[in-house]
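In what follows, a structure is listed as C-alpha cells, so that the remarks can point back to it.
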Amino acid sequence: MLNQHINISDSDYKKQIKVSSNANQVFRALTEDIHLWWSNTSNTFQKEGGQFTIHFENGYWWTFKIIEFIPNTELIWKCIDGEPDFNKEWIGHILHWQIVEGTSETTINFHQAGLTPDIECYDICSTTWDMFITEKLKLHLQTSV
C-alpha cells in the first residue's frame, strides 16, 4: 500500500525496533496514546482521512493527515502543515509505520519518506526520532502493558 502514496528512497530515515507488546498495544501507542511518548496532540481524529496536530513545548508543531489506518498493521501519515519558522521541510513528508506481530515480540518499522541526509534538519530530526522511537516509545510499551 505504501507504494501508491510515496516513492521510497534508500536514503530516507528508517528505524526498526522489537517490543514484547502485541500488535494491538503498539497500534494504540501510535494512535490514541501518542501524547504519552511523543508529545501533546490536538484536533485528533484517528481514522483514515482524519488528522492530528502534534505540539512540542518549544512551540513547534506539525499537522498530519492520516492516509492509511489499518488497525494493528499499518499507519501512514502525511505532514500537511507545520511551524513556519522550523522544519518547513517536513511538509509533504510521509511517515509510515508497519506493525508485524510475531510469536514472542512485535516488530515496529518506521520510515519517513523525505527525511534524507540532503535536507537541513536531517541530523537533528534523525537523532530525535532515534530517541523517541528507541527510548520513549519502547519504554512506553514496556511500562504501560
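The values are calculated or read from the model by the stated rules, or taken from the named source; none is laboratory data. It should be emphasised that the depicted structure is a prediction, and the values quoted were computed from it without experimental measurement. Every residue, glycine among them, receives a Cβ derived from its backbone with ideal geometry; neighbour counts consider all protein chains shown.
A few comments on the model shown:
- Screening W90 with (1) without any contact (Cβ under 8 Å) to a residue 24 or more places away in the chain; (2) in contact with a Cys (Cβ under 6 Å, 6 or more places away or on another chain) gives one miss only, at (1).
- Residue within the range 97-114 that is outside any loop (DSSP other than H, G, I, E, B), under 26 Å from A23 (Cβ atoms), at pLDDT 90 or above and among the small types (G, A, S) present: yes
- For T116, the stated conditions do not hold, so it cannot be described as buried (at least 19 other Cβ atoms within 10 Å of the Cβ), over 20 Å from H35 (Cα atoms) and over 15 Å from the mean Cα position of the chain (by Cα).
- Scope the range 66-84; condition more than 12 Å from the chain's Cα centre (by Cα), under 26 Å from A23 (Cβ atoms) and either polar (S, T, N, Q) or surrounded by 15 or more Cβ atoms within 10 Å (Cβ to Cβ) (or both); matching residues: I67, E68, F69, N72, T73
- Every listed requirement among (1) touching a Leu at 6+ places or on another chain (Cβ under 7 Å); (2) without any contact (Cβ under 8 Å) to a residue 12 or more places away in the chain is met by P84 save one, (1).
- Residue under evaluation F69, criteria (1) farther than 25 Å from Q25 by Cβ; (2) touching a Leu at 6+ places or on another chain (Cβ under 7 Å), criterion not met: (1)
- Number of residues in the range 37-65 that are in contact with a His (Cβ under 8 Å, 6 or more places away or on another chain) and crowded, with 16+ Cβ neighbours inside 10 Å: the value is 4.
- Residues in the range 119-133 that are surrounded by 14 or more Cβ atoms within 10 Å (Cβ to Cβ) and at pLDDT 95 or above: S126, W129, F132, I133.
- Of all residues in the range 2-16 being modelled with pLDDT under 60 and either buried (at least 17 other Cβ atoms within 10 Å of the Cβ) or out of contact with any His (no Cβ under 9 Å at 6 or more places or on another chain) (or both), the one that is farthest from M131 (Cα to Cα): Q4
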